[in-house]
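Asks: Got a structure here, written out as structure tokens. Questions coming.
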């Protein structure tokens, strides 16, 4: 470690990292546009300039992202000279940047906006008109480029070259005619395009799916873990007005996903945006409450009545099959095991085969976010085909957890022999002839708990969105059912 | 604390009658003067450009609403009366509101939205009356809030005059 002095404070810095990283790690704010901790510094925006003096030499203003730390270096981030230079750089960056903030999706999380607000001047001095370029250039299915807003920091170019290792973007044209474009105007490909919108320091690259969906300051952010593969990328769940999940964004986790996440996880909003079923209805949306099969088919029932019905089915049939969903948290897995012990049978969980999305960056291709956690608890992974075979010979089964029905195959479950009676805990009640009792459960953004990722790291889930009224935490429901079953067993 | 000494009443005061006559003389004099009161609502209140009535959205001369759903008024609103959802358009200005609701029961007519708007899209109109038989009907949606620019021109001119010290040109396109 190297000792340097920043703003009069002595800090320890990693000599392999640039000066700006040392400042940020010490909590000292240095603005940056082209620098990103996950990418090679290029020093193209010059906004990170600070005053550095070394060994009795007169202080010089240098770009902090292209300067390596040296023993005894003295840095002044707020020196008048450095401020002046940064202000001039900012003025040039804003020369051609349109006044789009009211329209721009980046407003509110835009580095250029923040720094202009803090340090910029009130009005521009330039009398020439701004550059007129394409406002809406589509770069594939995920990203739209607004060439006017681009400040040519080249973060996106470096991301494609360094992180995904598939160079697809470049700065084309010369001088004032430079724009970001793809090679041969081909659309972008790959499963990591969404990160381009995250790393863009301005609103030049935006997500087609999130475009104009919400103002970012209206989004309540909660830390969570991605559900789409066993990597367990750290994410932030962003909820608009406490009602709808609007986006998933990667959150820095040095041990798992760094700053990135794949598009499969980023756009997996469907399962958490399902609308509720109409009041009193059983199908056609999420089940907020419970339903029980009566003489006229499935009908809504109170949770108490449904728990009673579930006890009748599970307690009276021999050796019911107990299968969890791979989305169960460790805590829920434990509750499921306790319930299985009351029956008494061994519990397993549905483990679908690899999704084929595996790559060498993040996606493991294993669609079970908590495979490792549940396996460590002692639940055995069961392939859907094997599970269906076991179901066909069982008399009753308990299927527990988000998406458990779809993972097993709703159509195949509908074709099970009529003797198999099902008790299901799922977000929605599927129209299955064998389904006798169904309870609504919270989705993974509506519950708290832990998943263990493929590397054995325990990662949290937090409640980003309140579960619909009538949906109890799964652990509570399972514990109540286990209690009912054990008392029933004691009586008989 | 002081002690208030109650004065004894004079003879005229004790007689009571002169004061009655004096009071009634005022009453009868006012009877024949022009009344100060107004027959509201038959006779509307005077409205000036300074009147800060309910906020309304400007519809530009090309027929599109000037609002780009940037959310500034929503953020500025101290009563949380405004809810906006944006959407994409094919026009050069890419963004427009698909849902713009002002809960008029919450609105306190403070004019912060007018002040916050970067696009000169929302102005305090001279409309003040607000009555309905349900709360839901008083949550005004986009269609109910739209007003042609000409209807708000007096207020727009006033706001420009008021702000001309620091505001050089119009941003309404």
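Asks: Please specify each residue of region B:114-149 satisfying the condition of being loosely packed, with under 14 Cβ neighbours inside 10 Å and in contact with a helix residue (DSSP H, G or I) (Cβ under 7 Å, 6 or more places away or on another chain).
Replies: B:130, B:132
Asks: Checking residue A:331 against (1) under 22 Å from residue A:446 (Cβ atoms); (2) in a helix (DSSP H, G or I); (3) free of Cβ contacts under 8 Å to residues at least 40 places away in the same chain, which test does it fail?
Replies: For residue A:331, the exception is condition (3).
Asks: A further question follows. Given the conditions (1) closer than 23 Å to residue A:251 by Cα; (2) in contact with a strand residue (DSSP E or B) (Cβ under 7 Å, 6 or more places away or on another chain), report the number of the one that residue A:35 does not fulfil.
Replies: (2)
Asks: Within region A:160-169, how many residues turn out to be buried (at least 21 other Cβ atoms within 10 Å of the Cβ) and either closer than 17 Å to residue A:100 by Cα or touching a helix residue (DSSP H, G or I) at 6+ places or on another chain (Cβ under 6 Å) (or both)?
Replies: So the answer is 2.
Asks: Which members of region A:356-386 meet the condition of being more than 19 Å from residue A:257 (Cα to Cα), in contact (Cβ under 8 Å) with a residue 12 or more places away in the chain and under 22 Å from the mean Cα position of the chain (by Cα)?
Replies: A:374
Asks: Return the residues of region A:228-243 that are away from chain B (no Cβ under 14 Å) and either assigned to a strand (DSSP E or B) or without any contact (Cβ under 8 Å) to a residue 40 or more places away in the chain (or both); say none if nothing qualifies.
Replies: A:234, A:235, A:236, A:237, A:238, A:239
Asks: Related question: Show me the strands (runs of 3 or more DSSP E) found entirely inside region A:413-492 where at least 2 residues are over 20 Å from the mean Cα position of the chain (by Cα).
Replies: Output list reads A:421-426, A:435-440.
Asks: Out of A:85, A:61, A:75, report the one residue that is more than 24 Å from residue A:2 (Cβ to Cβ) and either in contact (Cβ under 8 Å) with a residue 40 or more places away in the chain or surrounded by 14 or more Cβ atoms within 10 Å (Cβ to Cβ) (or both).
Replies: One residue alone meets the criteria, A:85.
Asks: Can you find a residue in region A:105-120 that is surrounded by fewer than 17 Cβ atoms within 10 Å (Cβ to Cβ), without any contact (Cβ under 8 Å) to a residue 24 or more places away in the chain and under 21 Å from residue B:93 (Cα atoms)?
Replies: Checked against the condition, which is being surrounded by fewer than 17 Cβ atoms within 10 Å (Cβ to Cβ), without any contact (Cβ under 8 Å) to a residue 24 or more places away in the chain and under 21 Å from residue B:93 (Cα atoms), region A:105-120 yields no hits at all.
Asks: Among the candidates A:209, A:246, single out the residue that is modelled with pLDDT under 95, within 14 Å of another protein chain (Cβ to nearest Cβ) and part of a strand (DSSP E or B).
Replies: Unique residue meeting the criteria: A:246.
Asks: In region A:345-355, what residues are without any contact (Cβ under 8 Å) to a residue 60 or more places away in the chain and touching a helix residue (DSSP H, G or I) at 6+ places or on another chain (Cβ under 9 Å)?
Replies: Scanning region A:345-355 gives A:346, A:347, A:348, A:349, A:350, A:351, A:352, A:353.
Asks: If you don't mind, there's one more thing I want to ask. Can you tell which of A:24, A:36 is assigned to a helix (DSSP H, G or I) and within 31 Å of the chain's Cα centre (by Cα)?
Replies: None of the others qualify; the one that does is A:24.
Asks: Just checking, which of A:162, A:147 is under 28 Å from the mean Cα position of the chain (by Cα) and within 14 Å of chain B (Cβ to nearest Cβ)?
Replies: Just a single option satisfies the conditions, and that option is A:147.
Asks: If you don't mind, another one. Taking residue A:203 and the conditions (1) more than 14 Å from chain B (Cβ to nearest Cβ); (2) touching a helix residue (DSSP H, G or I) at 6+ places or on another chain (Cβ under 9 Å); (3) assigned to a loop (DSSP other than H, G, I, E, B), which numbered condition does it fall short on, given that it satisfies the others?
Replies: Single failed check for residue A:203: (1).
Asks: Can you tell me how many residues in region A:413-428 are in contact with a helix residue (DSSP H, G or I) (Cβ under 7 Å, 6 or more places away or on another chain) and either outside the structural domain of residue A:307 (by TED's automatic domain parsing) or surrounded by 15 or more Cβ atoms within 10 Å (Cβ to Cβ) (or both)?
Replies: Residues meeting the conditions: 8.
Asks: Quick check on region A:201-233: of everything there that is over 18 Å from the mean Cα position of the chain (by Cα) and farther than 19 Å from residue B:83 by Cβ, which residue is surrounded by the fewest Cβ atoms within 10 Å (Cβ to Cβ)?
Replies: The residue in question is A:202.
Asks: Does residue A:117 meet the test of being under 15 Å from residue A:188 (Cβ atoms), within 31 Å of the chain's Cα centre (by Cα) and assigned to a helix (DSSP H, G or I)?
Replies: Considered against the rule, which asks whether it is under 15 Å from residue A:188 (Cβ atoms), within 31 Å of the chain's Cα centre (by Cα) and assigned to a helix (DSSP H, G or I), residue A:117 comes out as no.
Asks: Residues that are in contact with a strand residue (DSSP E or B) (Cβ under 9 Å, 6 or more places away or on another chain) and assigned by TED's automatic domain parsing to the domain that holds residue A:416: does region A:481-488 have at least one?
Replies: yes
The values are calculated or read from the model by the stated rules, or taken from the named source; none is laboratory data. Bear in mind that the values here come from a model prediction, so they are computed numbers and not experimental data. Ideal geometry is used to build each Cβ from the backbone, glycine not excepted, and the neighbour counts take in all protein chains shown.
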